[in-house]
Amino acid sequence: MPPESSPLISVIVVCKDPGLRLRDALASVWAQHISPLPELIVVDGGSEDGSRVWLASQRARLATLLMEPDRGVYDAMNKGLAAAHGEWVLFLGADDKFPHDGVLSRTQGALKQATGGVAVGEIAYDDGRIESLPAKPKPVARNFVHHQGAFYRRSLFAEHGFFDASLAVMADYDFNLRLWKKKVTFTALPLRISVCGTGGLSDSGDWRGCQEEIAVRHRHFPAWRCWFSDLFTVLRWVRQKIAPRASRPKG
């Protein structure tokens, strides 16, 4: 049943065999100086690394804990959405965390005054990369919103559908394009929301991600608008594959 007073923010964490970094991710949520704390939802897809035992021991600190097999990360995210009651939802990766205990207290004022559908803050990767909402997004080029720093109005998912769970890597890009084409407003937040681990699904440089990026682009734009971005996607994949080899010491 929904809480008597629905929370402003729901934080959804999905995982499978996340290791110890999951504890850091959840600890960063529990440490937030905001009252009440956000609704914290964890969806575990059948971990076998001891995470389920630890999560069960923390059940009282979680609004919802689901531990069952799923059909991939976006199926798990959809399960989290179905359990959420917050006005805004944030998807925090199991290897991501809030950088300090004041993130949500600083964010809540902006969210209460927001008129748009998606409020996007900055994220920082462990390797030093910084990502934020571009001043002039180019949605045909590639995904322009990283969900680890994005607060979505929960109502958007009722209006525009959940994530397409048939996609393994690019369902968030697909959802963002659905919103973009429906003129949903994306607003920048001048705050760093999360610190993220590298090597996630969309960050791995896997060829399947490139294929899905191209396929999703063609779902929403005519082919003549896609060809240059398709070429750039392939070249980016080639560069990612060549760069690690070039950096290896010889001999």
- Task: Output the qualifying pairs, or none if there are none: Cβ atoms under 6 angstrom, residues six or more apart or on different chains, first residue in the range 152-163 and free of Cβ contacts under 8 Å to residues at least 40 places away in the same chain, second residue in a helix (DSSP H, G or I).
- Result: His160/Arg178
- Message: I'd like to verify a number: residues in the range 1-40 that are in a loop (DSSP other than H, G, I, E, B), modelled with pLDDT of 95 or more and of a type in the set (Ser, Thr, Tyr), how many?
- Response: 0
- Does Leu189 satisfy being under 27 Å from Arg106 (Cα atoms), under 20 Å from the mean Cα position of the chain (by Cα), touching a residue at least 12 places away in the same chain (Cβ under 8 Å) and surrounded by 15 or more Cβ atoms within 10 Å (Cβ to Cβ)? yes
- Find the residue count for the range 142-158, including only residues that are farther than 15 Å from Phe186 by Cβ and in contact with a helix residue (DSSP H, G or I) (Cβ under 9 Å, 6 or more places away or on another chain). 2
- Message: Of everything in the range 81-110, what is surrounded by fewer than 18 Cβ atoms within 10 Å (Cβ to Cβ), within 21 Å of Thr187 (Cβ to Cβ) and among the aliphatic types (A, V, I, L, M)? Give them in sequence order.
- Response: Ala110
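So which residues in the range 100-125 are β-branched (Val, Ile, Thr) and within 20 Å of Val195 (Cα to Cα), if there are any at all? Walk me through it before giving the result.
Here is the first cut: in the range 100-125, the residues β-branched (Val, Ile, Thr) are 103, 107, 115, 118, 120, 123.
Selection gives Val103, Thr107, Val118, Val120, Ile123.
The values are calculated or read from the model by the stated rules, or taken from the named source; none is laboratory data. Quick caveat, the model's predicted, so the values are computed rather than measured. Please note: Cβ atoms are built from the backbone with ideal geometry, for glycine as well, and neighbour counts cover all protein chains shown.
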